[in-house]
1. Mind checking whether some residue in the range 59-72 is within 18 Å of residue 38 (Cβ to Cβ), buried (at least 21 other Cβ atoms within 10 Å of the Cβ) and touching a helix residue (DSSP H, G or I) at 6+ places or on another chain (Cβ under 6 Å)?
2. Right, residue 80: closer than 27 Å to residue 192 by Cβ and not assigned by TED's automatic domain parsing to the domain that holds residue 185 or not?
3. What is the one condition in (1) at pLDDT 95 or above; (2) not assigned by TED's automatic domain parsing to the domain that holds residue 164 that residue 70 does not satisfy?
4. Considering 155, 115, 108, which residue is at pLDDT below 95 and surrounded by fewer than 20 Cβ atoms within 10 Å (Cβ to Cβ)?
């Protein structure tokens, strides 16, 4: 896969603009315009030294996933990656919790995009977060932030479980914004969470929320308006 530096030191088009969208323990996410093309840069260099290796591992994980879904409309294209930076294409859209989609068209498209993603042997694994789903200007769905995604060519049991949870998360959003559109089959799926999902909700999520929100001061929707505006 191509490797580019997000620092602007590589040859080629000169970066015109850089806008910080998010900064946390794992580094920075910036929107940059290189030449005339906007892109998103995830930079692990500002990460805290003791977890920089995790930030770099997440970069490699995201790069591998995006490389598997090249040219899939509704997900970012991988532009380049090196040791510390990943660059991906910009997707214009509004985060779901701002757009509040209530049309059947949006969720039909979101479910179709999810099936295509799974066909590429990829599970997103973080669609519970509304900022990771965008509503495009055309009223269609787009998925962003593939740090926790899994590329699994063998499509084993773990893949099937996580794919089921991807589906449940999209259906939960549909239940939030237009519950009257749920089919009987979709209601049945919502009523049957996987075992890992049950364990997460009962055992892992409470301490996770305490550490991220109380200790670290994070929030799932933190920076969502910026991150979703141009991803």
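The values are calculated or read from the model by the stated rules, or taken from the named source; none is laboratory data. It should be emphasised that the depicted structure is a prediction, and the values quoted were computed from it without experimental measurement. Neighbour counts run over all protein chains shown; Cβ positions are idealised from the backbone, glycine included.
1. No, the conditions are met nowhere in the range 59-72.
2. No; evaluated as a whole, the condition is false for this residue.
3. (1)
4. Details: 115 fails: at pLDDT below 95; 108 fails: at pLDDT below 95.
Among 155, 115, 108, only 155 is at pLDDT below 95 and surrounded by fewer than 20 Cβ atoms within 10 Å (Cβ to Cβ).
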